[in-house]
Amino acid sequence: NRDILKQHICEFPLLPSIPSLAELNNAIQEARGFMSLKDQLRDIVNGMKHENLNVRYMVACELSKLLYQRNEDVAALIAGELISDMEILSSLITSLLRGCAEESRTRLGQRLKLVCADCLGAIGAIDPAKVRVASCSRFKIQCSDDDLIFELIHKHLARAFRAAQDPIIQDSAALAIQELLKIAGCEPSLAGNAVEFTPQERVQLNVSGSRRSGGSNEVNDRGQKLWDRFSNYVKELIAPCLTSRFQLPNVSDPRLAGAIYRPSMSFRRWLSYWIKKLTAHATGSRASIFAACRGIVRHDMQTAT
């Protein structure tokens, strides 16, 4: 068990440094072995990428303690000229800036933003020539419908579904995944296809299967190709959406006649109204894709933008 623990302990998020967890933290530290400041910062950067808001907040709090406890070592790291040190600092600052831009729908989200800002203050001013902050890469909308569906599910909806703390948000993400999979021609039979087949085996399965018309075969091939692009982890996560029957009622709201911003309106609500307005006027093959996401854009800013 110890050998297995050593292999996977790096994936374990940081735990709070509190007396009740002291024994557990000691066991984890023993399994990990000696960790330099760089190793600790790398783990923190990975922890800040976690999908769960509670984990990100806990990791940010531990980073704040580390920066103040080892401020001299951190200052020496910043003053250094090693490329590897600068890469760690660049990743750390990028993670903290993203944390400052975190959605603040909840008090926990607001606290996370404050802790990240405090960590940036503890790090202090760094020569901009030394660090390279990764800019937010936007997905190019000039792509095929299947590429757009894959991007929405793989990078946004699967994350929103897994990290949702509210069942309404989780159901909205599941509905969007369900509808997008239908649009792409993913059939319910894919839900039980947990075994990886070779191309020859897949051909044999198609030949021995039930007869389909040419158009149905094209839809099935399209759905199979999209399904094969997902990682096994995402497949397990979204497989129930192949057979789910979520429905989102079409409610016409007379107040959505325009997307004019009002002082009493939050940015999130205004953005939701604006996207719904744009979706209502969408035409072509993309209209059904945008309509499938009309429920989740109200709750998840990353999907909306």
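The values are calculated or read from the model by the stated rules, or taken from the named source; none is laboratory data. No experiment lies behind these values; they were computed from the predicted model shown. Neighbour counts run over all protein chains shown; Cβ positions are idealised from the backbone, glycine included.
Is it fair to say LEU63 is at pLDDT 85 or above, farther than 13 Å from CYS116 by Cα, of a type outside the set (Gly, Ala, Ser) and surrounded by 19 or more Cβ atoms within 10 Å (Cβ to Cβ)?
In short, no.
Can you tell me which residue is modelled with the lowest pLDDT among those in segment 213-240 that are over 14 Å from LYS182 (Cβ atoms) and among the charged types (D, E, K, R)?
GLU218
So how many residues does segment 165-194 have that are in contact (Cβ under 8 Å) with a residue 60 or more places away in the chain and not in a helix (DSSP H, G or I)?
Looking only at that region, the number is 2.
Please name all residue pairs, on different chains or six or more residues apart, with Cβ atoms under 9 Å, provided the first residue is in segment 61-90 and is within 29 Å of LEU108 (Cβ to Cβ) and the second residue is acidic (Asp, Glu) and surrounded by 12 or more Cβ atoms within 10 Å (Cβ to Cβ).
So the pair list comes out as SER64/ASP118; LEU67/ASP118.
Whether any residue in segment 251-261 is at pLDDT 80 or above and part of a helix (DSSP H, G or I) is what I want to check. Can you show your working first?
Kept after step one, since they are at pLDDT 80 or above, are these residues of segment 251-261: none.
The answer is no; no qualifying residue exists.
Please pick out the residue among SER64, SER17 that is in the same structural domain as VAL115 (by TED's automatic domain parsing), among the small types (Gly, Ala, Ser) and not in a helix (DSSP H, G or I).
SER17
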